[in-house]
1. Please compute the length gained on full extension between residue 27 and residue 121, using 0.36 nm multiplied by the number of residues separating them and subtracting their Cα-Cα distance.
2. Starting from the amide H of residue 30, placed 1.01 Å from N in the peptide plane, find each other amide H under 5 Å away whose residue is 5 or more places distant or on another chain.
3. Amide H of residue 59: which non-local residues (sequence gap of 5 or more, or other chain) have their own amide H closer than 5 Å, using H built in the peptide plane?
4. At R0 = 25 Å, how high is the FRET efficiency between residue 47 and residue 14 if r is their beta carbon distance? Nearest 0.05 is fine.
5. Taking the Cβ of each residue in 70, 123, 170 as the centre, tally the other Cβ atoms inside 10 Å and list the residues starting with the fewest.
6. Suppose the chain between residue 72 and residue 182 were pulled fully straight at 0.36 nm per residue; how much longer would it get relative to their current alpha carbon spacing?
7. Suppose each label sits 7 Å from its Cα in the direction of the beta carbon; what would the residue 152-residue 37 distance come out to in nanometres?
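Read the figures in this text as sums done on the coordinates, not as results from a lab. This structure is a prediction, so every number in the text was calculated from the model and none was measured. Note that each Cβ is placed from the backbone with ideal geometry, even for glycine, and that neighbours are counted across all protein chains shown.
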Amino acid sequence: MKIISDPGAFQLLADETRRKIIYLLRVKDMTVSQIAEQMHLTTQAIYHHIRKLKDAGMIEVAKEERIGHFIETYYRTTAEIFHLSHGEATTQKDLEEQVKAALEGLRKLGMKVDCSPAKLKEFIRITKEMDECCTMADWTEKTANLGLDFMTQQAVIEYAYLIDMTEAQFDKNQAQNKKIWKLLKSCVEAPATKKKNVKKK
């Protein structure tokens, strides 16, 4: 497992294409051409993402093979599991950027987002309070070497996190989640969904 605390890495992995590249390279070493074919993208587009992930230390060159007059470069991830950790050095600015990035993601999903500065400030305050109260970091480290696949590991971490909470901590966490829910409902409007016509008998 590799713990990443660089705020820039959070932005890198906010991109779905880069997350898919990381997933593919966790399974086996691949060339840019192979990744491009698998993801139905151009090699130029993949090169762009590979360069950024390599600069961030998330992937590395696994090997190089000469095929005719060309050299094929195979890439791999630098760790089986990446744990993104805010750490103790997380600042108010970091949290604000993370919340804004998440809200921007909701906009890309077609939702109308209109949060006032006051609501955004409250959103960040509650998020910070939740991070300080309870963390999954310890369980992430403990499950790193169990040989679990990514999805199973995430489920184990979540279950262990819930089991480890006291009833008071659970109730507080639920109350904070409800506050987040209310804030989201007050400043985010989901796109209208088409209701299916139901024939009355």
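1. Numbers: separation 94, 0.36 × 94 = 33.84 nm, distance 4.05 nm.
That works out to 29.8 nm of additional length.
2. The list, which skips near neighbours in sequence, is 75.
3. Residues meeting the criterion, in which the H sits 1.01 Å from N, are 54, 78.
4. Here the calculated transfer efficiency is 0.80.
5. Values: 70 7, 123 22, 170 12.
Neighbour counts put them in this order, fewest first: 70, 170, 123.
6. Taking 0.36 nm per residue and subtracting the Cα distance, the gain is 34.4 nm.
7. Simple spin-label model gives 3.0 nm for this pair.
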